[in-house]
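Read-outs throughout are calculated quantities, based only on the coordinates presented, and are distinct from any laboratory measurement. Bear in mind that the values here come from a model prediction, so they are computed numbers and not experimental data. We place every Cβ from the backbone using ideal geometry, glycine too, and count neighbours over all the protein chains shown.
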Amino acid sequence: MENKGSSSRAFGASPTELFISTANVARIIRRVVPPYGKIADDSKEIVQNCVSEFIGLITAEANLLCQSESRKTITADDILRAMTKLGFDKYVNSLSLYISRYRVGEPLGMVVSSRRP
């Protein structure tokens, strides 16, 4: 069996099936772009690729941590440990706070506004 280095093919999915949707990427980008700003399609595609690769990297590391502990379910804490192990520890404190607030049902300020004019 030939392995081309793509873990997505191991699960029977094409790489593009594992991407976050372009609509979600555009929605995230619009939060920081001024109302009069434009977002080129190729910019959305680049961000889509980067975000999807990042999610895959963190998830793969979290999966390895779970496997080393003979577990099958990846938890939020596994994601945080994976991020620390991969050098993204700068973000772990903020995400830990977010997770703890989420778990107690506290408002997180993540309200998505309606369409911009």
Contour minus Cα-Cα distance for Leu86 and Ile55 (0.36 nm per residue): 9.9 nm
Protection-proxy order for peptides 60-71, 29-40, each taking the mean of Cβ atoms within 10 Å per residue, highest first: 60-71, 29-40
Summed residue charge, Cβ within 12 Å of Phe88's Cβ, Lys/Arg positive, Asp/Glu negative: +1
